[in-house]
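S.K.: Next up is a structure, given as structure tokens.
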Amino acid sequence: MNRIKQLFEEKKNILSIYYTAGFPNIGDTIQIAEALEKSGADMLEIGFPYSDPVADGPVIQASSKKSLDQGMNLKLLFEQLKDLRKNVTIPVLLMGYVNPVLQFGVENFCKACAEVGVDGCIVPDLPMVEYEEFYKGCFEEHNLSNVFLITPQTADERIHKIDGLTNGFIYLLSSSATTGKNLEVGDTTENYFSRIKNMNLKNPTMIGFGISDKQTFDKACSYANGAIIGTAFVKAIENGDIEENVSEFMKKFKG
Amino acid sequence: MKYKVNEKGYYGDFGGAYIPEMLYPNVEELRQNYLKIIDDADFQKEFHQLMKDYVGRPSPLYLANRLSARYGANIFLKREDLNHTGAHKINNTIGQILLAEKLGKKRIIAETGAGQHGVATATVCALRNLECVIYMGEVDIERQAPNVARMKMLGAKVVPASSGSKTLKDATNEAMRDWINNPVDTHYIIGSVVGPHPYPDMVAIFQSIISEETKKQLIEQTGNDQPDYVLACVGGGSNAMGMFYHFMDDENVKLIAVEAAGKGVSSGFSAATTYLGKEGVLHGSRSILMQTDDGQVVEPHSVSAGLDYPGIGPQHAHLFKTGRGKYVSITDEESLDAGLLLTQLEGIIPAIESAHALAYLEKMEFKGGENVVVCLSGRGDKDLDTYIKYFKL
């Protein structure tokens with residue numbers, strides 16, 4: 001069974017952590033994954049960097065740029081992930097923009113994901129229609145979940161369509177924003193979260209963008225199956241010892 | 001109409017709307033409404049009124065006699081440099097600001113390279129009393145200081161883009177990020193025929209006034225609305241698309257698009273996209289772009305800020321791939337020399353962008369008597385510093 005599906009069947013209040021591959025140092029990718037699992041993360045999203053990340057705020061932009069400058073690319077990332085499944089048992093997704101995937105080749109990409117034990121992908125600028133026509137077959141053949149994003153502006157009809165097209169989880173953006181903005185849970189956000197909760201979607205939901213501490217995490221969990229933390233984590237591991245930084249950061253949520 | 005966009009937003013293999021979900025409602029709103037709004041009689045009336053009384057259209061089609069004598073062909077210059085604000089960019093910003101008003105938007109954002117599109121956007125925002133924010137690469141802010149001052153005078157906020165190469169591509173990224181963060185009240189006026197569908201089509205429609213007028217003027221002046229050649233420079237490609245638009249289906253009219261070779265196509269400092277690029281996705285559409293094997297976008301180079309872009313619009317990619325258009329390139333030096341030549345033969349100082357198109361005349365062979373239209377997309381006032389430095393004036 002797909003690890004993502006199993007996780008959502010077995011657990012509540014899921015904590016998923018995003019980090020950029022090859023950051024802060026090019027060789028850190030696997031060490032961070034292992035440290036996160038050890039400190040209690042439930043799921044991982046590993047970002048493969050792109051030169052023009054339009055959906056990202058300054059922190060993740062900077063991490064992507066540093067990673068690229070240090071020589072990261074998809075080929076190298078898949079080499080680094082060869083031993084991923086030696087010590088990492090939780091679900092792992094790759095997250096990044098469509099152009100590197102296109103150049104790597106969709107077929108090759110899916111195959112490489114399956115070989116190293118990646119369970120799914122998040123490609124924010126891959127449109128639903130393109131996915132359906134050109135990617136879905138290949139993703140399913142390799143047992144990969146494709147995760148779509150929705151925002152407070154996404155219409156119900158479109159949410160149902162996304163729900164029908166995906167089989168991992170749905171990524172709820174707390175607001176229409178680039179990554180790293182703070183979550184302000186006002187009435188409109190609560191209404192939106194409640195609206196989604198009441199739609200009885202077949203897929204579980206995860207809330208992302210703007211989750212940075214225990215309080216915002218708990219709040220998100222009251223509306224969804226869990227939450228995703230990206231920018232706050234990337235910032236926390238920028239300098240110093242990886243193991244220490246990861247365990248310090250995770251204590252805030254799992255303490 | 002075989003080169004126009006299809007119902008899925010594609011030109012052959014190119015186009016589409018590769019955007020994060022955050023931009024979907026905005027782009028979808030545009031997609032559903034742009035043709036309805038543009039085709040509306042009141043919209044057309046207001047657009048054409050402004051084109052005439054505010055922009056100063058129709059722009060002349062000028063038979064350049066001394067240039068013609070030099071090349072042995074009839075060289076016609078489509079004088080977009082004479083438009084208000086000094087370039088073709090205003091055609092599109094007038095169209096889009098009217099459209100933004102119809103959509104009820106209160107705030108306008110735009111990216112700019114040379115500053116021409118930024119000035120044209122700030123101008124229409126002043127005209128219609130809308131808040132205006134312009135994203136411009138740090139490098140471009142430095143090399144196009146007079147245009148930065150113009151935008152500020154017009155009341156726009158100029159925000160430096162300091163990521164990546166700090167030029168047009170990065171200004172575009174920043175504008176897209178702004179739009180993501182302001183999803184309801186903001187309209188993004190993209191300045192070229194790039195971006196997610198329907199932008200390439202919408203911008204081409206507004207710029208198509210260039211070729212619409214040219215055809216009428218050619219009939220008056222030559223008795224034939226079909227010239228032998230049509231030339232235009234290409235960065236993202238908006239003046240070229242406007243210049244080609246009504247000639248695309250006239251298969252006997254040769255379309256020549258001139259890209260910026262920078263210091264030479266193989267120098268590592270170039271913006272010759274069709275020569276150096278591969279198919280890929282940038283800024284919301286599938287097109288041809290300069291990139292590494294890993295799909296990372298490569299920093300372009302051109303002496304002209306308006307051509308300093310690593311991609312081309314999807315419709316250009318289609319014209320290139322089908323062979324309908326011939327895509328060539330001109331170096332920094334060749335363009336500057338052509339700029340000086342036009343100045344001295346015709347008394348017109350062209351923008352360095354437009355000088356790329358003029359420079360290609362040197363490489364063409366004419367039998368004699370062919371009719372050739374060159375889009376003189378902008379005037380060279382903004383480039384005086386570059387000309388002065390190069391020619392040690």
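The values are calculated or read from the model by the stated rules, or taken from the named source; none is laboratory data. This structure is a prediction, so every number in the text was calculated from the model and none was measured. Quick reminder, even Gly has a Cβ in these numbers, built from the backbone with ideal geometry, and neighbours come from all protein chains shown. Heads up: the accessible areas ignore ligands, DNA and RNA and are worked out on the full protein's heavy atoms, side chains in. Shrake-Rupley method; radii C 1.70, N 1.55, O 1.52, S 1.80 Å.
S.K.: Looking only at other chains, what is the average number of their beta-carbon atoms within 10 angstrom of each beta-carbon in A:99-105? Walk me through the intermediate numbers first.
M.R.: Values: counts 12, 8, 2, 8, 10, 3, 0.
The shielding value for this peptide is 6.
S.K.: Mind checking the per residue accessible area of the range A:1-124 for me, 1.4 Å probe, whole number of Å²? Don't skip to the answer; put the middle values down first.
M.R.: Values: 4420 Å² over 124 residues.
Averaged over the residues of the range A:1-124, the accessible area is 36 Å².
S.K.: Next up: Give the A-B buried accessible area in Å², both sides summed, 1.4 Å probe, nearest 100.
M.R.: Values: alone 11530 and 15030 Å², together 23840 Å².
Using a 1.4 Å probe, the pair buries roughly 2700 Å².
S.K.: Put a dot 7 Å past each Cα toward the Cβ at residue A:213 and residue A:9; how far apart are the dots in nm?
M.R.: Taking the two extended label points, one gets 3.8 nm.
S.K.: Sticking with this one: So for the range B:237-393, Kirkwood radius off the Cα pairs, Stokes-Einstein at 10 °C and 1.306 mPa s: how many µm² s⁻¹?
M.R.: Values: Rh = 16.2 Å.
For the chosen part, D equals 98 µm²/s.
S.K.: Output the direction-averaged projected area (hull surface divided by four) of the convex hull of the alpha-carbon atoms of the protein assembly as shown, in nm². It would help to have the intermediate numbers written out before the result.
M.R.: On the way: hull surface 112.5 nm².
If you wrap the Cα atoms of the protein assembly as shown in a convex hull and average its projections, you get 28.1 nm².
S.K.: Quick one: compute the contact order of the range B:280-393, relative version, from alpha carbon pairs under 8 angstrom and 6+ residues apart, as a percent. If you can, show how the numbers build up before the last one.
M.R.: Details: 122 pairs, mean separation 20.8, N = 114.
Across the range B:280-393, relative contact order equals 18 percent.
S.K.: Let me ask something additional. Considering only protein heavy atoms and a probe of 1.4 Å, how much of the accessible area of the range A:15-161 is carbon and sulfur, as a whole percent? Mind showing how you got there, number by number?
M.R.: Numbers: 2500 of 5020 Å².
Ligands and nucleic acids excluded, carbon and sulfur give 50 percent.
S.K.: Would you compute, for the Cα atoms of the range A:152-244, the largest minus smallest coordinate along each principal axis and list the three values in descending order, in whole Å?
M.R.: Result for the range A:152-244: principal-axis Cα extents of 46, 30, 22 Å.
S.K.: Another question, then. To check my understanding: the extent here is largest minus smallest coordinate of the Cα atoms along each principal axis. What are those three numbers for the range B:227-310, in Å, largest first?
M.R.: Here the spans come out as 40, 27, 19 Å, largest first.
S.K.: Let me ask something else about it. List the residues of the range B:155-197 that lose 50 Å² or more of accessible area once all protein chains are present, compared with their chain alone (1.4 Å probe, heavy atoms only, no ligands or nucleic acids).
M.R.: With the partner chains in place, the range B:155-197 has these residues losing at least 50 Å²: B:177, B:181.
S.K.: Right, next: Which of the residue pairs A:66/B:392; A:65/A:251; A:136/B:102; A:181/B:105; B:36/B:215 have a Cα-Cα distance greater than 31 Å in the structure shown?
M.R.: Numbers: A:66/B:392 40 Å; A:65/A:251 28 Å; A:136/B:102 38 Å; A:181/B:105 23 Å; B:36/B:215 26 Å.
Listed pairs above 31 Å: A:66/B:392; A:136/B:102.
S.K.: Here is a follow-up. Rounded to the nearest 0.05, what FRET efficiency is calculated for residue A:82 and residue A:140 with R0 set to 30 Å and r the Cβ-Cβ distance? Walk me through the numbers before you get to the answer.
M.R.: On the way: r = 24 Å, r/R0 = 0.79.
Step by step, r from the Cβ atoms, then E = 0.80.
S.K.: Counting only protein heavy atoms, what percent of the accessible surface of the range B:157-308 is carbon or sulfur at a 1.4 Å probe? Mind dumping the intermediate values first?
M.R.: Values: 2070 of 4140 Å².
The computed percentage sits at 50.
S.K.: What FRET efficiency do you get for residue B:49 and residue B:126 if R0 is 22 Å and r is their Cβ-Cβ distance, rounded to the nearest 0.05?
M.R.: 0.80
S.K.: When all alpha-carbon pairs of the range B:1-120 are counted, what percent fall beyond 21 Å?
M.R.: Details: 4173 of 7140 pairs.
Every Cα pair in the range B:1-120 considered, those over 21 Å come to 58 percent.
S.K.: So for the protein assembly as shown, taking the charge dipole from beta-carbon charges (+1 Lys/Arg, -1 Asp/Glu), which of B:230, B:139, B:43 sits furthest toward the positive end?
M.R.: Most positive-ward Cα: B:43.
S.K.: Now for a different question. Using a Förster distance of 56 angstrom, determine the FRET efficiency expected from the C-beta separation of residue A:25 and residue B:66, and round it to 0.05.
M.R.: Values: r = 63 Å, r/R0 = 1.12.
Calculated value: 0.35.
S.K.: Now for a separate question. When the Kirkwood hydrodynamic radius is evaluated over all pairs of different C-alpha atoms of the range A:25-177, what value in angstrom, to one decimal, is obtained? Before the final figure, lay out the partial values.
M.R.: Working: mean 1/r = 0.0617 Å⁻¹.
Every distinct Cα pair counted, the radius reaches 16.2 Å.
S.K.: Once you keep just the Cα pairs under 8 angstrom separated by 6 or more residues, what percentage relative contact order results for chain B? Spell out each step's value before the answer.
M.R.: Numbers: 870 pairs, mean separation 79.9, N = 393.
RCO, chain B: 20 percent.
S.K.: Taking each pair of different alpha-carbon atoms in chain B once, compute 1/r for the pair, average those values, and report the inverse of that mean as the Kirkwood hydrodynamic radius in Å to one decimal. Kindly include the intermediate steps, with their values, before the conclusion.
M.R.: Numbers: mean 1/r = 0.0489 Å⁻¹.
Evaluated on chain B, it is 20.5 Å.
S.K.: Please give the average number of partner chain Cβ atoms lying within 10 Å of the Cβ of each residue in A:39-52, rounded to a whole number.
M.R.: Working: counts 0, 0, 0, 0, 0, 0, 0, 0, 0, 2, 2, 6, 16, 14.
Counting Cβ atoms of other protein chains within 10 Å of each residue's Cβ and averaging gives 3.
S.K.: Then there's this: Report the percentage of all Cα-Cα pairs in the range B:170-299 whose separation exceeds 18 Å, rounded to a whole percent. Walk me through the numbers before you get to the answer.
M.R.: Working: 5270 of 8385 pairs.
Of all Cα-Cα pairs in the range B:170-299, 63 percent lie more than 18 Å apart.
S.K.: Next up: What is the distance in Å between the Cα centroid of the range B:1-63 and that of the range B:331-358?
M.R.: 30
S.K.: Taking every alpha carbon pair in the range B:71-155, what does the distance histogram look like in 10 angstrom bins from 0, in percent?
M.R.: That works out to 18, 46, 24, 9, 4, 0, in percent per bin.
S.K.: Taking every pair of Cα atoms in the range B:129-246, average 1/r, invert it to obtain the Kirkwood radius, and report Rg/Rh to two decimals.
M.R.: Working: Rg = 17.4 Å, Rh = 16.3 Å.
Here Rg/Rh amounts to 1.07.
S.K.: Let me ask another. Can you show me the helix-derived [θ] at 222 nm for chain A, built from DSSP H runs with n ≥ 4 at -39,500 (n - 2.57) apiece and divided by the number of residues, rounded to the nearest 500.
M.R.: Working: 13 runs with 113 residues, N = 255.
The helix contribution divided over chain A gives -12500 deg cm²/dmol.
S.K.: Same structure, new question: Counting residues in the range A:1-110 as N, plug N into 2.2 N^0.38 Å and put the Cα Rg over that result.
M.R.: Values: Rg = 14.1 Å, N = 110, 2.2 N^0.38 = 13.1 Å.
Dividing the Cα Rg of the range A:1-110 by 2.2 N^0.38 Å gives 1.07.
S.K.: Something else: How much mean residue ellipticity at 222 nm does chain B get from its helices, if each DSSP H run of length 4 or more adds -39500 (n - 2.57) and you divide by all residues, to the nearest 500 deg cm²/dmol?
M.R.: Details: 16 runs with 164 residues, N = 393.
Result for chain B, helices only: -12500 deg cm²/dmol.
S.K.: How big is Rg to Rh over the range A:97-232, alpha-carbon atoms, Rh as the Kirkwood inverse-mean-distance radius?
M.R.: Numbers: Rg = 15.4 Å, Rh = 15.7 Å.
Taking Rh as the inverse mean 1/r over Cα pairs, Rg/Rh reads 0.98.
S.K.: So, one more: Output needed: Cys residues of chain B lacking any neighbouring Cys C-beta below 4.7 Å, sorted by number.
M.R.: Isolated Cys, chain B: B:233, B:375.
S.K.: Between Rg and the Kirkwood Rh of chain A, both from Cα atoms, what is the Rg to Rh ratio? Intermediate values should be presented prior to the final figure.
M.R.: Working: Rg = 16.8 Å, Rh = 18.1 Å.
Taking Rg over the Kirkwood Rh, I get 0.93.
S.K.: To the nearest 20 debye, what charge dipole does the protein assembly as shown have about its Cα centre, counting +1 at the Cβ of each Lys and Arg and -1 at the Cβ of each Asp and Glu? List each step's numbers first, then the result.
M.R.: Working: 65 positive and 83 negative charges, 122 e Å.
In debye, rounded to 20, the protein assembly as shown gives about 580.
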